[in-house]
Each structure stands twice: as structure tokens, then as C-alpha cells.
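The structure appears right after this line, and notes come after that.
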Amino acid sequence: MTATRILVLNSGSSSVKYQLLDMRDDARLAVGLVERIGEETSRLKHTPLTEGGRAREQNRAIADHDEALKAVAEELARDGLGLDSPELAAIGHRVVHGGQLFTQPTVIDGAVLGEVERLIPVAPLHNPANLTGIRTAMSLRPDLPQVAVFDTAFHTTMPESAARYAIDVATADEHRIRRYGFHGTSHAYVSRRTAELLGRRPEEVNVIVLHLGNGASASAVRGGVCVDTSMGLTPLEGLVMGTRSGDVDPAVIFHLMRVGKMSADEIDVLLNKKSGLTGLCGDNDMREIRRRIDEGDEAARLAFEIYVHRLKKYIGAYYAVLGRVDAVAFTAGVGENAAPVREAAVAGLQELGLAVDGELNAVRSDEPRIVSPEHARVAVAVVPTDEELEIARQTYALVANRAGEHHD
């Protein structure tokens, strides 16, 4: 295949993140972000990463995703990297929810669009925006393969015993209620990079991956295959997050309806937007929470302790699920940068072979690294995630494979 560039698009409800990569050497050629789409104060920040490239910014009203992607195409064209380039092999799209059907990256056609649309009720915030981005990109380059890479795909390997909720089977099936899990591209990338860090093949390694950003999820990965994950039907379940509650007794919802006279929509906002660290102490930035703890702030201290307590429970649970653990890998904004979170999460787990080396853990780096003592039974790793690279690799592998098949 002569065309080796992949444009990765991540279309959110009011934003588009993008990266252009050359898959010959995984080099990034340009990165950018359009935010506040639909507002008067929209912003497009574009950074060409070729020699001498400087960031450019536009601040103007950008009405919709269609206009946003056209603006992105213009910025890329200014650097000689336009969407009409013969070197562009495909466009890879992050799609949050693929249900049970999509277990692999998939070339997008009418049937795929229809299924992603049918999944909107279980991903009302994300799938509509993903669809808009796809349709706009298809209109700009109808001749180019467009590939969907699903957040849920990596988790479709979970056994039914992990994926099923213990509710009436007919009701669950009718409404597609099961554990889907999210952050799958990150969990896939990080579990594989962790194996590389240990000098072993993914098939030989059992890893607990902790993706800790504003959204947070844990996964148990046995031999490169996901066998359990903390997020469920939606990204609300599991760990304490920036604004999401994570696990709560479902009866809390009925209680708030009956006693608090709250509507379903109000409870939805409460659990998704006004809970987690924000609900506990008014801040969802871990740096700010640590600063407040240092100043003796009790609310911040308790929020941190609740966050870590939940994290520890999942490490223990997934240790039990896997039976043998070779590494615990921390990733995403908090996982990569908050040394106190890593230290607190494994504190007291020496009997499980888990510990961090204080000096190694305190080092800041963009490189994957091990922060546990030299002879620890279980490696504690910090592995920066790269979801865009993972999407680009999966997209390129798929289109290169198809090109090879057609060539044969």
C-alpha cells in the first residue's frame, strides 16, 4: 500500500479532536482540536508537527460538526496535508458504543451507520456526535475507507459470567442491558505496552489496567484478552471519577425519586455530572485536591480516601478474577501524573506482591516505566496511553489487509 497516512477523528458532542499520522513510523504530522462547536466562542487550535510548524488558532463561531471538519480540512491543506492527498489511506473514527455486534475495527457502510444509530439509547451523549463526524467525513471524501474503532470492542471478549447482570434475562435481552465497558482502545494499547515493558508477549501476561482520567475504568486482561471491566451498560459504573459516582446501590435512585422527589433526568445529572470527586469536595482536578489536602482540607482528604478505597477494591477483585497478576498498569491523566494516587492504591497490598519504590514513583516522565521495587513479585507500571495511535494502527491494519486481499 503506497498511501500510509491515517487521519484519526474523535467527534464529541461539542468538539472534534484530530490527529494525522504516518503509519510507516507512527509519526504524527498534525494534531488539533475544535471546541465549543455551536457557540459564538468556538476555537480551532491546529498544530502541524512537520519541521518548523507552529500552532495556529482560530476563534470564531463554528456552527456545527460539518463546518468544523471543513475548517480542519482547510488547516491541513495549508500544511500540504490536505484530505485530497493521495497519501491519505483512510479516516479512523473513535466510536464510543458498538454493542455486542462490533468486536473489531469495521469499515463503515450504511448498515454500520444504522447499527451505531440503533445504539444511541445506550450512548446518548457520544454516539450521535460520533455519527455526525463520520457522515461529514464521508461527504468530504466519499471514495476513502472510513473505519470505526469502537471503545467497547476490546471488552467483547468478556465471558457471560462477567458481562451479564443478574436481572431477568428476557428484560435484559430486550433492552440490550449488559456490561459493555469503555476506554477499550486505551485498555488494549496499555495492556500490550505493559507486556512489552516486561519483555514478554501479551499472550503470556496478566495485567490489571487502571485508566484514571476524569472518566476512570479498570480492566482485568488475561493473556491479552479482556475478561472483566468496571464500566457497565454506560460509563457510570465502577470507579469514583471526576464527576461520576461510580458504583452506588441502585435503590439510591428509587429513594431519590420517592423521598427526594427528583426526576429521572435530575438523578441522571446528579450521578453523571455532580458526583464523584466534584460531588465529594467541589473539585475534580487531582492536583487541586492534593494541594487542598496539604493545606489541611478535610473534604479534599476524604474525597481522596474514598477514591483510593474504591480503586483498591477493584485491584483486589481483579486479582481474584485473574488468579495470577504480572503487572498493574496506571494510565491516563491521573494514572500517569499523580504519584500519590499510585502509592496509595497499592499501600498495604504487599501480601499480594504489590508495592511502589518511592523514588521511582516520584519521577515524572512521558515514557512507559516500572515504579515497583526491583524484585517485586508484581510489576507496578506507568504506561502513557495513546488512543489515537491505537485507532490509527487498527485502521491502517484493516485497510492494508483489505488492499492485500483485493490485490490477491
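The criterion of being under 23 Å from the mean Cα position of the chain (by Cα) and modelled with pLDDT under 90 holds for Ala123. Taking the residues in the range 49-70 that are surrounded by 12 or more Cβ atoms within 10 Å (Cβ to Cβ) and touching a His at 6+ places or on another chain (Cβ under 9 Å) as candidates, determine which candidate is nearest to Glu35 (Cα to Cα). Here the residue is Gln58.
Are any residues in the range 228-276 charged (D, E, K, R) and not in a helix (DSSP H, G or I), and if so, which ones? The answer is Asp228, Glu237, Arg244, Asp247, Asp249, Lys261, Lys274. Determine if the range 375-385 includes at least one residue that is touching a residue at least 24 places away in the same chain (Cβ under 8 Å), over 18 Å from His211 (Cβ atoms), in a loop (DSSP other than H, G, I, E, B) and not assigned by TED's automatic domain parsing to the domain that holds Asn10. Yes, the range 375-385 has at least one match.
So in the range 215-227, with the set limited to residues that are touching a helix residue (DSSP H, G or I) at 6+ places or on another chain (Cβ under 7 Å) and part of a loop (DSSP other than H, G, I, E, B), which one is surrounded by the most Cβ atoms within 10 Å (Cβ to Cβ)? So the residue we want is Gly224. Phe182 satisfies every condition listed in (1) in a loop (DSSP other than H, G, I, E, B); (2) modelled with pLDDT of 95 or more; (3) touching a strand residue (DSSP E or B) at 6+ places or on another chain (Cβ under 9 Å) except (2). Within the bounds of the range 99-109, is there any residue that is in contact with a His (Cβ under 8 Å, 6 or more places away or on another chain), touching a residue at least 12 places away in the same chain (Cβ under 8 Å) and surrounded by 15 or more Cβ atoms within 10 Å (Cβ to Cβ)? Within the range 99-109, one or more residues are in contact with a His (Cβ under 8 Å, 6 or more places away or on another chain), touching a residue at least 12 places away in the same chain (Cβ under 8 Å) and surrounded by 15 or more Cβ atoms within 10 Å (Cβ to Cβ). Condition first: among the acidic types (Asp, Glu) and in contact with a Leu (Cβ under 8 Å, 6 or more places away or on another chain). Can you find one or more residues in the range 385-395 that meet it? Yes; the residues of the range 385-395 include at least one that is among the acidic types (Asp, Glu) and in contact with a Leu (Cβ under 8 Å, 6 or more places away or on another chain). Put simply, of Arg94, Arg141, Arg118 the only residue that is in contact with a Ser or Thr (Cβ under 8 Å, 6 or more places away or on another chain) and either surrounded by fewer than 21 Cβ atoms within 10 Å (Cβ to Cβ) or of a type outside the set (S, T, N, Q) (or both) is Arg94.
Output the residues belonging to the range 275-287 that are at negative phi, surrounded by fewer than 19 Cβ atoms within 10 Å (Cβ to Cβ) and over 23 Å from the mean Cα position of the chain (by Cα). None - no residue of the range 275-287 is at negative phi, surrounded by fewer than 19 Cβ atoms within 10 Å (Cβ to Cβ) and over 23 Å from the mean Cα position of the chain (by Cα), so the list stays empty. Of the residues contained in the range 138-145, none is found to be under 30 Å from Asp228 (Cα atoms) and not hydroxyl-bearing (Ser, Thr, Tyr). So the check is Cβ under 7 Å with 6+ separation or different chains; which pairs have a first residue in the range 216-228 that's in the same structural domain as Gly335 (by TED's automatic domain parsing) and closer than 22 Å to Tyr307 by Cα and a second one that's outside any strand (DSSP E or B) and aromatic (Phe, Trp, Tyr)? As it stands, the answer is Ser217/Phe182; Ala218/Tyr314; Ala218/Tyr318; Ala220/Tyr318; Asp228/Tyr318, since those pairs meet every condition given. The lone criterion from (1) in contact with a Gly (Cβ under 6 Å, 6 or more places away or on another chain); (2) farther than 22 Å from Gln100 by Cβ; (3) of a type in the set (Ser, Thr, Tyr) left unmet by Thr152 is number (2). Of all residue pairs spaced 6 or more apart or on separate chains, those with beta-carbon atoms under 6 Å, a first member in the range 256-269 that is in contact (Cβ under 8 Å) with a residue 12 or more places away in the chain and a second member that is surrounded by 14 or more Cβ atoms within 10 Å (Cβ to Cβ) and part of a loop (DSSP other than H, G, I, E, B) are Leu256/Met262. Being among the acidic types (Asp, Glu) and touching a residue at least 40 places away in the same chain (Cβ under 8 Å) is a property that does not hold for Asp297. Output yes when any residue across the range 253-262 is of a type in the set (Val, Ile, Thr), surrounded by 14 or more Cβ atoms within 10 Å (Cβ to Cβ) and over 19 Å from Val341 (Cα atoms), and no when none is. Among the residues of the range 253-262, at least one is of a type in the set (Val, Ile, Thr), surrounded by 14 or more Cβ atoms within 10 Å (Cβ to Cβ) and over 19 Å from Val341 (Cα atoms), which makes the answer yes. Screening Arg56, Arg60, Arg78, Arg94 for residues that are under 30 Å from His155 (Cα atoms) and of a type in the set (Lys, Arg) leaves exactly one candidate, Arg94. Inclusion of Arg364 among residues that are in a loop (DSSP other than H, G, I, E, B) and without any contact (Cβ under 8 Å) to a residue 40 or more places away in the chain is warranted.
Out of all the residues in the range 322-332, is one or more more than 23 Å from the chain's Cα centre (by Cα) and surrounded by fewer than 23 Cβ atoms within 10 Å (Cβ to Cβ)? There is at least one residue in the range 322-332 that is more than 23 Å from the chain's Cα centre (by Cα) and surrounded by fewer than 23 Cβ atoms within 10 Å (Cβ to Cβ).
The values are calculated or read from the model by the stated rules, or taken from the named source; none is laboratory data. Bear in mind that the values here come from a model prediction, so they are computed numbers and not experimental data. Using ideal geometry, Cβ is built from the backbone for each residue, glycine included, and neighbour counts are taken over all protein chains shown.
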